[in-house]
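Take a look at the structure below.
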Amino acid sequence: MADIHIVRTHTLGLAQARKLAFRWAEVAEEQAEMECTYEEGKTSDVVRFERPGASGTLKVTKDHFTLDAQLGLLLGMFRSRIEDEIVKNLDRLLAEKEPLKAFEHGLKKHKAGKK
């Protein structure tokens with residue numbers, strides 16, 4: 001099994017980070033066929049996600065995101081590529097003034113490109 005561990009700091013605060021993570025979970029369910037559960041806490045939240053060949057958690061706090069994922073044998077062969085894409089997309093989002101708006105804009109562009 002291949003593991004991915006990514007930590008990224010942010011300045012969103014818990015409320016905005018929570019909105020972004022919750023929206024990510026919705027999209028993961030819709031587009032990546034993930035089963036996601038969202039556990040809201042007082043100082044942090046946890047998104048648990050699972051699909052055949054991959055499972056993990058996304059911890060959300062007022063100042064960082066921590067992603068831990070386990071990839072099965074097939075997806076594990078692409079661990080580096082998957083990790084690179086996650087890092088690239090997350091860093092790009094967190095560099096935006098309004099990450100949630102940037103996320104929605106990216107989704108629209110992605111959908112338009114599929115047509």
Contact order relative to length of the stretch 2-108, as percent, for alpha carbon pairs under 8 angstrom and 6 or more apart: 30 percent
Positive dipole terminus of the stretch 2-108, leading residue within Gly56, Ser80, His105 (C-beta point charges): His105
Estimated vicinal HN-Hα couplings, Hz - the stretch 54-66 in sequence order (Karplus 6.51, -1.76, 1.60; Gly, Pro = x): 7, 7, x, 9, 10, 8, 10, 10, 5, 9, 7, 10, 10
From phi via Karplus (6.51, -1.76, 1.60), per-residue ³J(HN,Hα) for the stretch 76-92 in Hz, x at Gly/Pro: x, 5, 10, 3, 4, 5, 4, 4, 4, 5, 4, 4, 4, 5, 5, 4, 4
Matching label, P(r) over Cα pairs in 5 Å bins from 0, in percent computed from the structure shown, candidates (i) 2, 11, 20, 21, 17, 13, 8, 4, 2, 1, 0, 0; (ii) 2, 12, 19, 22, 23, 15, 7, 1; (iii) 2, 11, 20, 25, 22, 13, 5, 1, 0: (iii)
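Find how much the distance from Glu33 to His5 grows on full extension, using 0.36 nm per residue of separation minus their present alpha carbon separation; answer in nm with one decimal. Don't jump to the answer; show the numbers that get you there.
On the way: separation 28, 0.36 × 28 = 10.08 nm, distance 2.12 nm.
So the chain would gain 8.0 nm between Glu33 and His5.
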Amide H partners (placed H, <5 Å) of Met34, local residues excluded: Glu29
Fewest-first ranking of Ser80, Ser55, using other Cβ atoms within 10 Å as the exposure measure: Ser80, Ser55
Per DSSP, loop GluC sites (Glu not before Pro) in the stretch 77-115 with at most 14 further Cβ within 10 Å: Glu96
Summed residue charge, Cβ within 13 Å of Arg51's Cβ, Lys/Arg positive, Asp/Glu negative: -4
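A short reminder: the numbers here are calculations on the coordinates, not readings from a lab. Owing to the predicted nature of the structure, the values given are computational and were not obtained by experimental measurement. Methodologically, a virtual Cβ is constructed for each residue, glycine included, from the backbone with ideal geometry; neighbour enumeration extends over all protein chains shown.
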